[in-house]
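Below: the structure, in C-alpha cells.
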Amino acid sequence: MPESPYFPHPTRLTDDHLKIFFERDAVLVARDLIGFDLNVAGCGGPIVETEAYRPDDPASHTFRGPTQRNRAMFGPPGSVYVYRSYGIHWCLNFVCLPGSAVLIRALEPRLGLATMQARRNSIDPRQLCSGPGKLCAALDIAIGLDGLLLDTPPFALTSAEPATTATGPRIGITKNAEMPWRFGLAGSPYLSRRFP
DNA sequence: CGGAAGATCCTCT
DNA sequence: GAGGATCTTCCGG
C-alpha cells in the first residue's frame, strides 16, 4: 500500500504542498496521485489513472533534452505540461522533478457533469474522462494552460487517503514499453482500459 | 526542408 | 479489431 504522509488528507494543495508532493520521482507521484481530486474551473473528480515519464526514459518527451514543446516539463514541481497528441487531442501532465511528469489518463467525472457531457457530446459518465484526450476535452484543457501551477485558477488539487492501486505497462508507446509505470484505481469503471 | 512517428479517439465491420 | 482523422514536432539529410 502506498503511503504519502506529507500532509493530512484531504488537503487542498497550495505552494508548499506542491513542492513537497511533486518534487519526487514521477513513478512514486503517479502512484500516490490515484484518488486525488482534480478540479478545473468547476469540472472534475477523483483521478483514477496515471502514467509516469522520466528524462532517462526513451518514451518521455524530455529524453533528448529541453525543446520548445516540452519546456514546461522543466518548470516548477506541481505545474502542468499540456501538449497536443496526434494533432487532434490535448494531454495533461503534472510536472515532478525536472524533466519528469505524470500523465493524467482518467478521472471519475463527479463535478460539473452536465458541462462535461455537453463538451464531450456523450451522456455516459464512463465515456467522459476515460482517456487523456477525452479528459482534456471534458475539462476544457488546452495549450493556454501550459505551465500554470496547480494551486492557481482554473486548477485546484485536493489530496486523498492512499488508494489500492493496480499497476501495469503504459499505453500507446513503443519505446521502453515494458516498464510498469501505469497506475490505476483498482476496479474503477472509469479507466481508459482494464489492467491485466 | 522533407518525412515519419506519435503518451489518441471514433467509427465501422 | 482495423483504419482513418489530423497536424505538430523533431530528426536526418
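The values are calculated or read from the model by the stated rules, or taken from the named source; none is laboratory data. Keep in mind that this is a model prediction, so the values were computed, not measured. Note that we place each Cβ from the backbone using ideal geometry, even for glycine, and neighbour counts take in every protein chain shown.
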#### Entry: Looking only at the stretch A:150-186, and only at residues there that are closer than 17 Å to A:LEU28 by Cα and among the aromatic types (Phe, Trp, Tyr), the one that is surrounded by the most Cβ atoms within 10 Å (Cβ to Cβ)
A:PHE183
### Message
Give me the residue from the stretch A:118-149 that is away from DNA strand B (no atom under 12 Å from the Cβ) and assigned to a helix (DSSP H, G or I) and, out of that set, surrounded by the most Cβ atoms within 10 Å (Cβ to Cβ).
### Response
A:LEU145
#### Entry: Residue list for the stretch A:73-99, filter: more than 8 Å from DNA strand B (Cβ to nearest atom) and buried (at least 20 other Cβ atoms within 10 Å of the Cβ)
A:PRO77, A:GLY78, A:SER79, A:VAL80, A:TRP90, A:LEU92, A:PHE94, A:VAL95, A:CYS96, A:GLY99
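A quick yes/no check of all residues on (1) farther than 17 Å from A:PRO169 by Cα; (2) at pLDDT 95 or above; (3) surrounded by 16 or more Cβ atoms within 10 Å (Cβ to Cβ); (4) under 17 Å from the mean Cα position of the chain (by Cα):
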| residue | (1), (2), (3), (4) |
| --- | --- |
| A:PRO5 | yes, no, no, no |
| A:LEU13 | yes, yes, yes, yes |
| A:LEU18 | yes, yes, yes, yes |
| A:PHE22 | yes, yes, yes, yes |
| A:ASP37 | yes, yes, yes, yes |
| A:VAL40 | yes, yes, yes, yes |
| A:GLU49 | no, yes, yes, yes |
| A:ALA52 | no, yes, yes, yes |
### Task
Restricting attention to strands (runs of 3 or more DSSP E) lying wholly within the stretch A:1-106, give those where 1 or more residues are within 16 Å of DNA strand C (Cβ to nearest atom) and more than 17 Å from A:MET179 (Cβ to Cβ).
A:80-85, A:89-95
### Message
Considering only the stretch A:91-106, I want to know if a residue exists there that is of a type in the set (Phe, Trp, Tyr) and in contact with a strand residue (DSSP E or B) (Cβ under 6 Å, 6 or more places away or on another chain).
### Response
yes
### Query
Pairs under 8 Å by beta carbon, first residue closer than 17 Å to A:VAL80 by Cβ and without any contact (Cβ under 8 Å) to a residue 24 or more places away in the chain in the stretch A:49-61, partner among the charged types (D, E, K, R) and surrounded by fewer than 24 Cβ atoms within 10 Å (Cβ to Cβ), six or more apart or different chains?
A:HIS61/A:ARG69
